[in-house]
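The values are calculated or read from the model by the stated rules, or taken from the named source; none is laboratory data. Every value quoted in this text rests on a predicted model; they were computed, and no experiment measured them. Positions of Cβ are backbone-derived with ideal geometry, glycine not excepted, and every protein chain shown enters the neighbour counts. Protein only, heavy atoms only, side chains kept; ligands, DNA and RNA dropped before computing areas. Shrake-Rupley method; radii C 1.70, N 1.55, O 1.52, S 1.80 Å.
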Amino acid sequence: MKFFLIIIIYFFSLITSSYAYLDPGSASIILQSILGAIAAVGATIGLYWKKIKNVFFKIFGKKKNN
């Protein structure tokens with residue numbers, strides 16, 4: 001564990017300043033990718049909703065008494 005800590009400290013000590021420029025378009029691309037991923041997950045859940053619901057009913061559903 002100490003070995004990994006020493007390696008991490010060593011790598012962080014080598015960090016220098018980067019003079020990079022992020023334009024406003026970069027933030028919008030990041031936001032669009034996050035929103036697209038959320039929409040994709042929602043669409044996938046929507047397509048398989050009945051299957052997901054059946055799995056939960058099998059696991060947590062009430063058993064009928066005859």
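Collect the residues in segment 14-34 that are open to solvent by less than 100 Å² (accessible area, probe 1.4 Å), polar (S, T, N, Q) and modelled with pLDDT under 80, keeping them in residue-number order.
Ser17, Ser18, listed by residue number.
For Gly42, only one of the following conditions fails: (1) modelled with pLDDT of 85 or more; (2) open to solvent by 100 Å² or more (accessible area, probe 1.4 Å). What is its number?
Every listed condition holds for Gly42 apart from (2).
With Lys58, Lys53 as the choices, which residue is assigned to a helix (DSSP H, G or I), open to solvent by less than 100 Å² (accessible area, probe 1.4 Å), free of Cβ contacts under 8 Å to residues at least 12 places away in the same chain and at negative phi?
Lys53
Among the numbered criteria (1) open to solvent by less than 100 Å² (accessible area, probe 1.4 Å); (2) aliphatic (A, V, I, L, M); (3) not in a helix (DSSP H, G or I), which one does Ala37 miss?
Ala37 satisfies all of (1) open to solvent by less than 100 Å² (accessible area, probe 1.4 Å); (2) aliphatic (A, V, I, L, M); (3) not in a helix (DSSP H, G or I) except (3).
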